[in-house]
1. Would you kindly state how much longer the chain becomes between residue 185 and residue 224 on full extension, computed as 0.36 nm times their sequence separation minus their alpha carbon distance, in nm to one decimal?
2. Quick check: with the 1.4 Å probe, what order do 62, 214 take by accessible area, largest first?
3. Which distance in nm do the two modelled labels at residue 54 and residue 20 give, with both placed 7 Å along the Cα-to-Cβ direction?
4. Note down the accessible area of residue 143, probe 1.4 Å, to the nearest 10 Å².
5. For segment 114-171, state the average projected area of the convex hull of the C-alpha atoms over all orientations, rounded to one decimal in nm².
6. What's the extension gain from residue 34 to residue 206 if we count 0.36 nm per residue and subtract their Cα-Cα distance?
7. What FRET efficiency would be calculated for the residue pair residue 150, residue 84, taking the C-beta separation as r and a Förster radius of 22 Å, to the nearest 0.05?
8. Can you give me the solvent accessible area of residue 100 with a 1.4 Å probe, rounded to the nearest 10 Å²?
Amino acid sequence: MERNATISAVYKAIAPVMTDCGFASVKEVPRENAAVYDFEGEKGVLRLVFSADRIHLLSGETGVDRSDDTAFNLDSTFLFEPDSFDDRDLKRLNNEISEYLTETYAEKKEIVSKKKNIQTVSRTAAKQGVLAYDPVTLANKLCAMYPDLKPVLQENVATYGEFLCEDFFVNHANAEILRDIRENNPQRMKKLFGILGEIYEDGTNEVQSLIAVTILGEIRDDPTMTQNMIPYLTDTMAEPILAAGERLKKSRASRMRLENPPKYKPKKAKQKKGFMSRLMDAQNQQR
């Protein structure tokens, strides 16, 4: 993407978030080798500096000397490589900056949500063997890499009252994962398989099957994607995942089950026993 157009797109995406955080856009600061934008509010001044390959977020008190960057504090830095950016990279960057600004500067408000809380397994609990990683924990970790999946996960749990992993992965997450495997960007692949590997190593049988069959099983007919994936598989993952792919290629029945998962059936609530049933149980216990 053209550099000036990319800077303009980032500014337009970030400006409303700055407003939500209590900072109004002041002006673009003239600078010979960088684009600089200032935002001011009751909390002070925030400055975005677009350098050659970084975006620096600086913070200063009200009345700070704006002619001198050293009067500001370095708040955060974001990777900025517009020459190699596409629309997805730009969207990820905007999401990353927006999330940081919101978490750091937005007023914390207590939000009453009707959505069901998503319970995940912590890394400490998994590594100590107290609990094993489960499918919803995998989904939650992938949402950090694919921010657009966050509302999908929340909606999934809210709709079904529990996490329906087939719907989340087959209809939504797999497309993102397979795109990264197809593009084979080393940085993205390392991050993706870092997540999959960690979950697989300390996960339940269910989540291991989910990774090997439901997710990575989809690349069974693509030798290029398989070769892209192999260097990133851990020793524990490699054999079962490659075997699952071979089985799916040979077994039509297995492919049918994967492509047509069983329809969701809500759990039936346990019915309380009536008086006569309880009386019969008591009599049986006395015999």
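1. On the way: separation 39, 0.36 × 39 = 14.04 nm, distance 1.36 nm.
Net length gain for the segment: 12.7 nm.
2. Numbers: 62 95, 214 25 Å².
Final ranking, largest accessible area leading: 62, 214.
3. Placing both labels 7 Å along Cα→Cβ, they lie 2.7 nm apart.
4. 0 Å²
5. Working: hull surface 16.9 nm².
Across all orientations, segment 114-171 yields a mean hull projection of 4.2 nm².
6. Values: separation 172, 0.36 × 172 = 61.92 nm, distance 5.08 nm.
Roughly 56.8 nm would be gained on extension.
7. Values: r = 26 Å, r/R0 = 1.16.
That pair, residue 150 with residue 84, gives E of 0.30.
8. About 60 Å², ignoring ligands and nucleic acids.
The values are calculated or read from the model by the stated rules, or taken from the named source; none is laboratory data. The structure displayed is predicted, hence computed values, not measured ones. Neighbour counts are summed over all protein chains in view; Cβ atoms, including those assigned to glycine, are modelled from backbone coordinates with ideal geometry. Accessible surface areas use protein heavy atoms only, side chains included; no ligands, DNA or RNA. Shrake-Rupley method; radii C 1.70, N 1.55, O 1.52, S 1.80 Å.
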